[in-house]
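Values quoted throughout were computed directly from the atomic coordinates according to the rules given, and no laboratory measurement underlies them. Given the structure is predicted, the values throughout are model-derived calculations rather than measurements. Cβ atoms come from the backbone with ideal geometry, glycine included; neighbour counts cover every protein chain shown.
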Amino acid sequence: MTHAIETHALVKSFGATRALDGVDLRIRRGSVYGLLGPNGAGKTTTVRILSTLRKPDAGTATVLGHDVVREAKLVRQKVSLTGQYASVDEDLTGQENLVLVARLLGFSWTQARARATELLEAFDLTDAARRQVSTYSGGMRRRIDIAASLVAIPEVLFLDEPTTGLDPRARNEVWDLVRRIAAEGTTVLLTTQYLDEADRLAERMAVIDHGRVIAEGTSRDLKASVGSNALHLRLARADQRALAQELITRVLGDGLLPSTDPTEVAARLGDTGQAVEVLGALAAGRIDVAEFSVGTPSLDEVFLALTGKPAEPVASTNGTEKATR
Amino acid sequence: MSTDALPSVDRTHGLLKGHPRPRPASALSSVATLAWRAMLKIKHVPFQLFDVTVMPIMFTLLFTYIFGGALAGTPREYIQYLLPGVLVQTIIFITVYTGMGLNTDINKGLYDRFRSLPMWQGSPVFGALAGDVFRYSVASTLIIVMGLILGFRPEGGVLGVLLAVALVLTFGFALSWLWIIVGMLVKTPESVMTTSFVLLMPLTFASNIFVDLSTMPDWLRAIVGHNPVTYLANASRGLMHGRAQASDVVWVLIASAAIVLVSAPIALRLYRKER
């Protein structure tokens, strides 16, 4: 068995909304896989089906060879889920939460306490072990939540938007943890709205939108699908953007890449030499260019090109996905 | 990445490697563990016991001294009648917290964790109930003790009081199942409270907890006389004062069994169902 997760034509509707509209995934064992998409794309629904919390309306899904509907109990013995919200009891202390999960997994009281101590130390929560989780910072909550998912090391770990709402430092800590968990052999499926995150962690990723996988591959594949070379310009003045775009179109014909930043202009290049022509045209048009670079397109541009809309719509916590829970 | 809060590689070495998982916990053990969790919550948030303690104390004091003279001649006489009823009312009211607690867990995502664990899926419900029965016991003890201080003298002795408490707890346990269903159907803990109080207010006040049936007009007496809470209050009073009628006790037991038989399967099914 080479695949940790395989889904075939997964469909799930909530009332009139089709949350999943035929999702096919194949995730190699031992890899970190990213499920990328905006709020309401179907990421959470996919993860909830794979972790046996929901049943699909149609299609099949297997985790480690076990059907998630017919063999749900077997699947639960091998996977862990860290949901979008800290799924720990805030009234209890960090230590008590870990002992609770350990006991529910079948550890004896002694083993449960020992495992809790180990994990608290590994996650740098020893000092906070006897404090209620409600007093924890966002980063600490995430750590105790992930620790709870690792009481028994799962063969597959689902992380649903593990860094949403975290500050950059806490985000780095979570990234580091994910890499280490994967290095020890656990398959990680993580969902994210941040292209940057998928780019840094995931070997392969699927871009999902309106319940469909619209692109799949390594981040290099995805970038290549939009064109190999791109010119990125940062303008000193946002009000010159329209003019800059016009001048660029005149030089390149076509190839403007969509961008959400009002001071940024990006365009696909046939060859890198065209960059010189574009810069020349801009200088002649008295456009103030603050920075420029030539390279592969960013995942943001990939996303925009694939879906026609920005990858990070208002990063609201009240997306449709939550509403359909 | 260089933050000192990062766990060092040394410290996590091997920690994240697949340990053999223990055999899944038995149903009994997972229920016990979740009951332990309920106890911890009481320990950490003693405020949870506040309404369990303050409300009965308030009710007993208010009713005994404000209505006691008018209803029974003296407060001391009235409390002999009232106290077994206050016990019933208090326990019935606090059963709502079972549904509220469950709803909170669902909203906070904790139930996602529970449901993704390889344990018997009914454990969280039974564990929470075990914790609740403990709270009902605390409340009962307080009410009895305060009654004794105020002059309540149960003629049925210790055994009578214990039997009465046991009967009231049985009914409370049964009623909790209803609020579990409500807790799974509505969106917020507040709606659990509102929904259940619409039912509980008439159920407890249109009973003979505070006043005797004979003081009511005929049409009302017919309604109140069929309220299961009236049977429970009669039985509680009867047991505490050593003159219980078997029929009252039996009817309460039948009502409790009926509530559990109907609502427990629905509650467990709802719980297992996806959300």
Degrees, to the nearest 10: B:75-94 long Cα axis against longest axis of chain B: 30 degrees
At R0 = 56 Å, FRET efficiency that the Cβ-Cβ distance of A:E203 and A:T249 yields, to 0.05: 0.95
Cα-only radius of gyration and Dmax that characterise chain A, units Å: 22.5, 76
Unit Cα scatterers, Debye sum, region B:28-168: log10 I(q)/I(0) for q = 0.20 Å⁻¹: -1.13
Inter-label distance, nm, simple model (7 Å from Cα along the C-beta direction), A:A9/B:H226: 5.6 nm
Cα-based Rg of chain B normalised by 2.2 N^0.38 Å, two decimals: 1.20
Cα long-axis angle, helix B:27-44 against chain B (0 to 90 degrees, to the nearest 10): 70 degrees
Calculated from backbone phi, Karplus (6.51, -1.76, 1.60) coupling profile of region A:199-208 in Hz, x at Gly/Pro: 4, 7, 9, 8, 5, 10, 8, 10, 9, 10
Within chain B: Cβ-based charge dipole about Cα centre, in debye rounded to nearest 20 (Lys, Arg +1; Asp, Glu -1): 920 debye
Dimensionless Rg over Rh [region A:229-295; C-alpha; Kirkwood]: 0.90
Projected-area mean, region B:39-88, by convex hull of Cα positions, square nanometres: 3.7 nm²
Distance between modelled label sites at B:F197 and A:R179, nm, 7 Å Cα→Cβ extension: 5.4 nm
Fewest-first ranking of A:M205, B:M58, using other Cβ atoms within 10 Å as the exposure measure: B:M58, A:M205
Using alpha-carbon coordinates, inclination of helix A:94-104 to the longest axis of chain A, degrees: 70 degrees
Unsatisfied cross-links (Cα-Cα over 30 Å) in the set A:K55/A:K223; A:K55/B:K108; A:K55/B:K41; B:K41/B:K187; A:K73/B:K187: A:K55/A:K223; A:K55/B:K41
Charge tally in the Cβ shell below 11 Å around A:T2, where Lys, Arg are +1 and Asp, Glu are -1, A:T2 excluded: +2
Inter-label distance, nm, simple model (7 Å from Cα along the C-beta direction), A:T60/B:A166: 5.5 nm
Volume of the Cα convex hull of the protein assembly as shown, divided per residue and given in Å³: 194 Å³
Förster radius 45 Å - calculated FRET efficiency between B:R23 and A:A238, Cβ distance, rounded to 0.05: 0.10
Order of A:K223, B:K273 under a 10 Å beta carbon neighbour criterion, fewest first: B:K273, A:K223
Residue-by-residue Karplus 3J(HN,Hα) for region A:4-10, coefficients 6.51, -1.76, 1.60, Hz, glycine and proline x: 7, 9, 9, 10, 9, 6, 5
